Amino acid sequence: MKIDLDELLADNRSAHLLYAFNSMTNYIKKVVQYIIDGVANQQTIILIENERYLPLVMKELKVHLNDTEMTDIHIINNFDFYFSTGCYHPPAILGHIEKMYMSLLEQNKSIRTWTHVEWSTIEGPLKIVEELEKVVDQLSADMGLTIMCAYDEERMPESLKLALYRTHKFILSDDGVDYSKFYKMENAVEI
């Protein structure tokens with residue numbers, strides 16, 4: 001049963017979602033709408049994006065948001081975020097998350113994050129990705145965060161898809177949101 005994303009987010013104080021995209025055009029539409037909706041709901045936006053897509057996203061956002069609204073968007077290069085130590089290193093990533101979110105939460109800000117996760121090869125980090133996504137799932141619930149994790153579907157082997165379906169309660173597609181039937185109950189958090 002598909003759920004409308006706005007309806008889901010209005011009914012939940014936190015959500016950890018997966019978006020496996022296969023079209024750059026649809027991707028840009030989704031990220032832009034996600035940000036516009038967050039700004040309309042007076043949320044602070046954290047956008048973790050790559051250098052190729054960021055200019056396209058920003059061009060579209062500037063059509064829909066004024067300069068004041070644009071100041072609610074914090075932009076982080078996804079390569080710097082995920083590979084700041086030279087490799088995909090979860091403790092460094094979690095340190096970034098804690099530092100980034102804690103200062104905003106101390107200001108009583110409601111936060112909506114879009115993160116574009118990518119790497120050059122999947123062989124090494126598969127287990128690390130799953131463990132990190134479990135931690136992010138718990139952080140989302142504990143801190144009341146809405147976090148969208150976007151992955152390029154073409155670069156997702158079946159083993160990664162299954163791992164991501166186990167660690168994300170909600171799966172966004174181009175026509176709505178579904179509950180993941182693979183979401184592991186030990187990961188489940190009360191919403």
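Points worth noting:
- Selection within the range 150-169: residues that are assigned to a strand (DSSP E or B) and at pLDDT below 95. The member of this set that is surrounded by the most Cβ atoms within 10 Å (Cβ to Cβ) is Tyr151.
- Of all residues in the range 1-27, exactly one satisfies the criterion of being in a strand (DSSP E or B) and more than 18 Å from Tyr151 (Cα to Cα), namely Ile3.
- The lone exception for Ile3 - which of (1) over 25 Å from Glu98 (Cα atoms); (2) hydrophobic (A, V, I, L, M, F, W, C); (3) modelled with pLDDT of 95 or more it fails: (3)
- Residue pairs whose Cβ atoms lie under 7 Å apart, sitting 6 or more positions apart in sequence or on different chains, and linking a residue in the range 157-182 that is under 11 Å from Leu17 (Cα atoms) to a partner that is assigned to a strand (DSSP E or B) and of a type in the set (Ser, Thr, Tyr), are Leu164/Tyr151; Lys169/Tyr179; Phe170/Tyr179; Leu172/Tyr19.
- A Cβ distance below 6 Å, combined with a sequence gap of six or more or placement on separate chains, defines the contacts here; from the range 11-25, residues that are in contact (Cβ under 8 Å) with a residue 12 or more places away in the chain reach residues that are among the aromatic types (Phe, Trp, Tyr) in the pairs Ala15/Phe170; Leu17/Phe170; Ala20/Tyr151; Phe21/Tyr27.
- Scan the range 28-52 for residues that are assigned to a helix (DSSP H, G or I) and crowded, with 20+ Cβ neighbours inside 10 Å and the total you get is 7.
- Number of the exception - Asn108 against (1) in contact with a helix residue (DSSP H, G or I) (Cβ under 8 Å, 6 or more places away or on another chain); (2) modelled with pLDDT of 85 or more: (1)
- Against the test of being surrounded by 15 or more Cβ atoms within 10 Å (Cβ to Cβ) and closer than 23 Å to Glu133 by Cα, the options Leu56, Leu17 yield a single qualifying residue, Leu17.
- Selection count where residues are of a type in the set (Ser, Thr, Tyr), modelled with pLDDT under 80 and surrounded by 16 or more Cβ atoms within 10 Å (Cβ to Cβ), scope the range 65-101: 2
- Top-ranked residue of the range 53-67 - restricted to ones that are among the aliphatic types (A, V, I, L, M) and in a helix (DSSP H, G or I), ranked as farthest from the chain's Cα centre (by Cα): Val63
The values are calculated or read from the model by the stated rules, or taken from the named source; none is laboratory data. The shown structure was predicted, so the numbers you read here are calculated from the model rather than taken from an experiment. As a convention, Cβ positions derive from the backbone with ideal geometry for all residues, glycine included, and neighbour counts pool all protein chains shown.
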